[in-house]
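Read the structure below first, then the notes.
The values are calculated or read from the model by the stated rules, or taken from the named source; none is laboratory data. Values in this document were obtained by computation on a predicted structure and should not be read as measured data. All Cβ positions, glycine included, derive from the backbone under ideal geometry; neighbour counts span all protein chains shown.
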Amino acid sequence: MKQIKIGIIGLGTVGDGVIKMFENIQEIVREKTGGEIVIKTLVDRVIDKERDFDLAKLGAKLSDNVDDILDDPEINIFVELIGGYEPAHSMILKALNNGKHVVTANKAVLAKYWDEFNEACVRNNVLCYFEASVGAGIPAIQGINEGLAGNRFNLICGILNGTTNFILTKMLKDNMDYDEALILAQKLGFAESDPTYDVKGIDAAHKIAILASLAYGKTFTIDDVYAEGIDEIHLDDVIFAKKELGLIIKLLAIAKKNEWGVELRVHPVFIPEEHLLAAVDSEYSAVYVDADAAGNIMFYGKGAGKMPAASGVVSDVIYIAKNIINGTAGKNQFVANYDNSKNIQVVDINEIKSKYYLRFNVLDEVGVLAEITDILAKNNVSVATCLQKDVHKENIMPLIMTTHKAQEADIKKAINAINGLKSSKESSLFMRIENEI
Ligand code: HSE
């Protein structure tokens, strides 16, 4: 029986999960591919540490030198699980140029260097698969790329980061403090090694760049995505918006077509509590798609964690192994040719139109409301609802408004002007409301 040999770099949480999966799916592999998948070489920075798997039983070589995979002509597939830009970028390029197929779970490297990888894949007739890079085991990449191949996408949006979704859920449902929830998420193994990537929205920005590229057939990189994190969210607003307005806080990654181009943005947002995405809690992730023929579809599941991520990686390895055994590997690429000359502009965040939640912290005095609404009107912002919370300290009153659709630049101008009023005592804040997704 034909054997496909793989080499894996990165024996952290996901690497362990991949090894564990391959220990007991040989029958599935045979059924799917007609052959066997053998882990020949494992590479990690530190090799003399205790492992969750039995190396002798696995029969693999353990090394701290990636060239033991990249220069080994017997190895068909290089599985990159170290994450980050470098050295992952150089290793993947070397693997492709050495005629190896690549499987990676590394959204960061893909969202920066896709064009370079694609060019190397085409030149060397090899494949690069990356299902686990977005949503771990949720097959959103195959789903968008192949399952919905004939559709045009008006919108792709999602809860793409388990860590921040876990934190927001703990804040909303358990009144848990932000820092405490972050530490818990790290313990549970969802967070990136540098959690600023999670909480600042960068991880989700990498992921939406990948999904937008697949959906719109043009490469978008991390530099095209506007990203804001969850670290400036106030618990008060989260609780108030749910109780009084029926709005749920989520960190959404959005790729939306409008008349000028495509909006690519990641930021906290309020969504109606009855929307499907509002029910996506804890470390769960979801990709929500508005496709012209298929309609609205939501891919939902565990978007982070050991075995879910391993599932995504293993599915890619199986697909490539099947192609190698059938003799079709590299004859066509997984991702069709992106046309980077396509005229799809990325819309500047200040140009977007949205509804907004505004909070002003003002003195409870005659005429203050009139001053605020006057500034809003002068900046083309139309108020939809207005609520006043109890005065909480020194005669300062939180005044909450929601708006009809307004342009982001106008909202920012109005807020600046309101912050300059004598009656304004603390910085005002705004949060976008997405109720048309
Ligand atoms: N840190 C990521 C998350 C892991 O929290 O979703 C999966 O990419």
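Quick notes on this structure:
- Just one of (1) within 16 Å of the ligand (Cβ to nearest atom); (2) crowded, with 24+ Cβ neighbours inside 10 Å fails for Tyr85. It is (2).
- Here the strands (runs of 3 or more DSSP E) wholly within the stretch 1-81 that include at least 2 residues being within 23 Å of Gly330 (Cβ to Cβ) are 3-9, 36-43, 77-80.
- Residues of the stretch 113-143 classified as touching a Ser or Thr at 6+ places or on another chain (Cβ under 6 Å) and within 16 Å of the ligand (Cβ to nearest atom), total: 4
- Summed over the stretch 287-306, residues that are at pLDDT 95 or above, within 15 Å of the ligand (Cβ to nearest atom) and not small (Gly, Ala, Ser) total 3.
Yes or no, residue by residue, for (1) within 12 Å of the ligand (Cβ to nearest atom); (2) buried (at least 23 other Cβ atoms within 10 Å of the Cβ):
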site: Asn145; (1), (2): no, no
site: Leu160; (1), (2): yes, yes
site: Lys173; (1), (2): no, no
site: Phe190; (1), (2): yes, yes
site: Pro195; (1), (2): yes, no
site: Leu211; (1), (2): no, yes
site: Ile222; (1), (2): no, no
site: His234; (1), (2): no, no
site: Lys243; (1), (2): no, no
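- Listed by position, the strands (runs of 3 or more DSSP E) enclosed by the stretch 351-437 that each have at least 1 residues that are touching a strand residue (DSSP E or B) at 6+ places or on another chain (Cβ under 6 Å) and surrounded by 19 or more Cβ atoms within 10 Å (Cβ to Cβ) are 353-363, 396-403, 424-433.
- Every residue from the stretch 198-209 that is touching a Ser or Thr at 6+ places or on another chain (Cβ under 9 Å) and either of a type in the set (Val, Ile, Thr) or within 12 Å of the ligand (Cβ to nearest atom) (or both): Asp198, Val199, Gly201, Ile202, Asp203, Ala204, His206, Lys207
- Positions within the stretch 233-272 being without any contact (Cβ under 8 Å) to a residue 60 or more places away in the chain and among the acidic types (Asp, Glu), in sequence order: Glu259
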